[in-house]
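The structure under discussion appears below in the form of structure tokens.
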Amino acid sequence: MVAQLEPILARSRRIVFFGGAGVSTESGIPDFRSVDGLYHQKYDYPPEHILSHTFWAGNPKEFYRFYRDKMLIEGAKPNAAHLRLAALEQEGKLSAVVTQNIDGLHQMAGSRTVYELHGSVHRNYCTHCGKFYDSTAIRNSVGVPRCSCGGIIKPDVVLYEESLDQQTLSGAIRAIRRADTLIVGGTSLAVYPAAGLLQYFQGEELVVINMQTTPADRNASLCIPLPIGQVLDPNVTLEWE
Ligand code: ZN
């Protein structure tokens, strides 16, 4: 925790948390956009290209090779940030989590109202008959995952070129509109629709917790450039200038 943030949390009644990849990196889930050296030995295309609808439709075998390798992280557990946000909701202080992550860690931590803008790896559907599959079905599959009916199983994850789920998006907007405090965490706000959603916020305090600067910083009442798990951990005390 940081001394400047706690009084804001204490007096807020309808906090909305808007988070990105940085929230999950402390749970061992790498940001797929941060391509490492090993990556180029294994894949011929940049991740944004592989995670597009066109690529999924045209090169499903390669799509699922990447997906199993980079998007399905086994054994990931919620970190202190996920747990604190779930606790704030339970205390009646936080009304929603809006996330760009697809790992389901907020729900695993106990959060109930979670708007997953980009979907979830934990939901997968047959493109032919609509049958539901969990993530183990994809993890344990070889090549292109197939339903018992023969159809391809597709993750309920929003790929590049695909549009966001309208119900999820409007729920997120409604929550942000009603929020008294908006905490933006672990996101550089570079990816659509992140920056756009912030314009609906009309509350008192905008807090940004991110290692790098973001476009929201200039409107924020507090910017904390520290790891979010530690910032939200009530058992850790951090100070910075
Ligand atoms: Zn099917």
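The values are calculated or read from the model by the stated rules, or taken from the named source; none is laboratory data. This is a predicted model, so every value here is computed, not measured. Glycine also receives a Cβ, built like all others from the backbone with ideal geometry; neighbour counts cover every protein chain displayed. Only protein heavy atoms, including side chains, enter the accessible area calculation; ligands, DNA and RNA are left aside. Shrake-Rupley method; radii C 1.70, N 1.55, O 1.52, S 1.80 Å.
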Failed condition for residue 151, given (1) within 16 Å of the ligand (Cβ to nearest atom); (2) more than 27 Å from residue 108 (Cα to Cα); (3) in contact with a His (Cβ under 7 Å, 6 or more places away or on another chain); (4) open to solvent by 40 Å² or more (accessible area, probe 1.4 Å): (4)
Flag if residue 138 is away from the ligand (no atom under 16 Å from the Cβ), touching a residue at least 24 places away in the same chain (Cβ under 8 Å) and aliphatic (A, V, I, L, M): no
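So that you can scan it fast, the table gives a plain yes or no per residue for (1) of a type in the set (Gly, Ala, Ser); (2) within 16 Å of the ligand (Cβ to nearest atom); (3) closer than 18 Å to residue 20 by Cα:
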{"site": "107", "(1), (2), (3)": "no, no, yes"}
{"site": "114", "(1), (2), (3)": "no, no, yes"}
{"site": "126", "(1), (2), (3)": "no, yes, no"}
{"site": "129", "(1), (2), (3)": "no, yes, no"}
{"site": "177", "(1), (2), (3)": "no, no, no"}
{"site": "199", "(1), (2), (3)": "no, no, yes"}
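Residue-wise test of (1) in a loop (DSSP other than H, G, I, E, B); (2) modelled with pLDDT under 90; (3) within 26 Å of residue 235 (Cβ to Cβ).
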{"position": "8", "(1), (2), (3)": "no, no, yes"}
{"position": "23", "(1), (2), (3)": "no, no, yes"}
{"position": "34", "(1), (2), (3)": "yes, yes, no"}
{"position": "38", "(1), (2), (3)": "no, yes, no"}
{"position": "41", "(1), (2), (3)": "no, yes, no"}
Residue count for region 148-192, restricted to those that are closer than 30 Å to residue 224 by Cβ and not in a loop (DSSP other than H, G, I, E, B): 17
Condition met for residue 93 (charged (D, E, K, R), out of contact with any His (no Cβ under 6 Å at 6 or more places or on another chain), open to solvent by less than 40 Å² (accessible area, probe 1.4 Å) and within 16 Å of the ligand (Cβ to nearest atom)): no
Positions within region 217-226 being open to solvent by 40 Å² or more (accessible area, probe 1.4 Å) and under 20 Å from residue 24 (Cβ atoms), in sequence order: 225
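If I ask for residues that are under 25 Å from residue 236 (Cα atoms), touching a helix residue (DSSP H, G or I) at 6+ places or on another chain (Cβ under 8 Å) and either in a loop (DSSP other than H, G, I, E, B) or of a type in the set (Phe, Trp, Tyr) (or both), which ones from region 66-102 would you list? Full working, then the answer.
If we filter region 66-102 for residues that are under 25 Å from residue 236 (Cα atoms), which is where we start, we get 75-99, 101.
Filter again for touching a helix residue (DSSP H, G or I) at 6+ places or on another chain (Cβ under 8 Å), leaving 76-83, 85-86, 88, 93-99, 101.
Once the filter is applied, which keeps residues that are under 25 Å from residue 236 (Cα atoms), touching a helix residue (DSSP H, G or I) at 6+ places or on another chain (Cβ under 8 Å) and either in a loop (DSSP other than H, G, I, E, B) or of a type in the set (Phe, Trp, Tyr) (or both), region 66-102 yields 76, 77, 78, 79, 93, 101.
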Subset of region 186-216 (residues that are open to solvent by less than 40 Å² (accessible area, probe 1.4 Å) and without any contact (Cβ under 8 Å) to a residue 12 or more places away in the chain): 196
